[in-house]
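Submitted below is the structure of interest, expressed as structure tokens.
The values are calculated or read from the model by the stated rules, or taken from the named source; none is laboratory data. In this text, all values refer to a predicted model and were calculated from it rather than measured experimentally. All Cβ positions, even for glycine, are placed from backbone atoms using ideal geometry, and neighbour counts span all protein chains on display. Heavy atoms of the whole protein, side chains included, go into the accessibility calculation; ligands, DNA and RNA do not. Shrake-Rupley method; radii C 1.70, N 1.55, O 1.52, S 1.80 Å.
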Amino acid sequence: MGSTIEHIPRPLSFSQRHGYEPLPVPMRLEHLSEDLRRELRDATQELVEGFSRNPIYEDDFESTSAKFWKSALGEFLCQAQSEITSSCSEISKICDAILSSDSFNKVMDFLEVILRHLALDYASEEFASRLKMLFKKHQAAYWLNTTREPYQFFPSTTEEQANAVENNIETIFQNGHDAATAHLRQAVEHMNALQYADSILDSIHAVESVARKIDPKSNLTLGTALDSLKKAGLLQHSALIKGFKSLYGYTSDEGGIRHSLVDHSSAKVGQEEAIFMFGACASFASYLSEKHSKISDP
């Protein structure tokens, strides 16, 4: 398999600097550049061939490779494993076609399926590290979260935002808020499937999940959780508490996001709203989980 050494984004070439070739496509959501797709095809091709070079599988390459790809491709293509070819050359062609021509979200669905099956049948860290490097190298608007399996792609508009969200999710997980972590991962799955309203709801549920752990009464309102933090001496700024309640209240009241999503068949929210709420709720849930950890372990 290829090197996992991290690459920095390529500088502009002479031709690009002087107008002989177009400048690179700026990083944008719902898009994977042709260069990134090409390198993803190379990485996957090396993965197909990797079984034959691994001494663990050298004597049983055909059956091991076939088992892995029949399982992974069967899941992605929604086909019975008996319908999937055992030929490595044909498997390579199928992978190339997916990575070359499928929509951006289906490409990432496919990569996540591979990673999920690698975790069961083959070492996943090297392939995951290579994917993470490639998405960063090509400045894609998505990054691979490897803090816990199954590994998952998250959207972001900047590398700084990606790092902040990754740190927030890790904080929530380390503080034992598994349900909140699950809601955030589900929010991303909805976002990658272009289900923006459902994504926003799951982002909000992540905050609610942490709030309920702080104070079970907060299943009715976040205010009780914030009041519990205030009584414990961990949240003393009245203006900050008011701001939190106002922001969360907007998602819950009659004119807010939650009401619109629940009561209207086609909520007028899109990618920008979903990404904003995902980042905001991840940050808010992380903040609440940190405060709660100090109550539990002063």
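Can you name every residue in region 48-84 that is in contact with a Phe, Trp or Tyr (Cβ under 7 Å, 6 or more places away or on another chain), assigned to a helix (DSSP H, G or I) and modelled with pLDDT under 90?
Phe51, Ser52, Phe61, Thr64, Ser65, Phe68
Per-residue answers, yes or no, for (1) open to solvent by 90 Å² or more (accessible area, probe 1.4 Å); (2) within 23 Å of Ala187 (Cα to Cα); (3) in a helix (DSSP H, G or I); (4) at pLDDT below 70:
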{"position": "Ser209", "(1), (2), (3), (4)": "no, yes, yes, no"}
{"position": "Arg212", "(1), (2), (3), (4)": "yes, yes, yes, no"}
{"position": "Lys230", "(1), (2), (3), (4)": "yes, no, yes, no"}
{"position": "Gln236", "(1), (2), (3), (4)": "yes, no, no, no"}
{"position": "Gly243", "(1), (2), (3), (4)": "no, no, yes, no"}
{"position": "Ala267", "(1), (2), (3), (4)": "no, yes, no, yes"}
{"position": "Glu290", "(1), (2), (3), (4)": "no, yes, yes, no"}
{"position": "Ile295", "(1), (2), (3), (4)": "no, no, yes, yes"}
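Give just the number: which of (1) open to solvent by less than 10 Å² (accessible area, probe 1.4 Å); (2) free of Cβ contacts under 8 Å to residues at least 40 places away in the same chain does Ser199 not satisfy?
(2) is the only condition that Ser199 fails.
Enumerate the pairs (first residue in region 92-104 and in contact (Cβ under 8 Å) with a residue 12 or more places away in the chain; second residue anywhere and of a type in the set (Val, Ile, Thr) and part of a helix (DSSP H, G or I)) with beta-carbon separation below 6 Å, excluding pairs fewer than 6 apart on the same chain, so at least 6 apart or on different chains.
Here the result reads Ser92/Val48; Cys95/Thr44; Leu99/Val107, each pair linking region 92-104 to a residue that is of a type in the set (Val, Ile, Thr) and part of a helix (DSSP H, G or I).
Please state which of the following conditions Ala80 fails to meet, knowing it meets all the rest: (1) touching a helix residue (DSSP H, G or I) at 6+ places or on another chain (Cβ under 8 Å); (2) closer than 15 Å to Ser65 by Cα.
Among (1) touching a helix residue (DSSP H, G or I) at 6+ places or on another chain (Cβ under 8 Å); (2) closer than 15 Å to Ser65 by Cα, Ala80 violates only (2).
Counting only residues that are surrounded by fewer than 17 Cβ atoms within 10 Å (Cβ to Cβ), more than 13 Å from Ile114 (Cβ to Cβ) and not acidic (Asp, Glu), how many does region 62-99 have?
Total meeting the criteria: 13.
Being at pLDDT 80 or above and among the acidic types (Asp, Glu) is the requirement here; does Glu170 meet it?
yes
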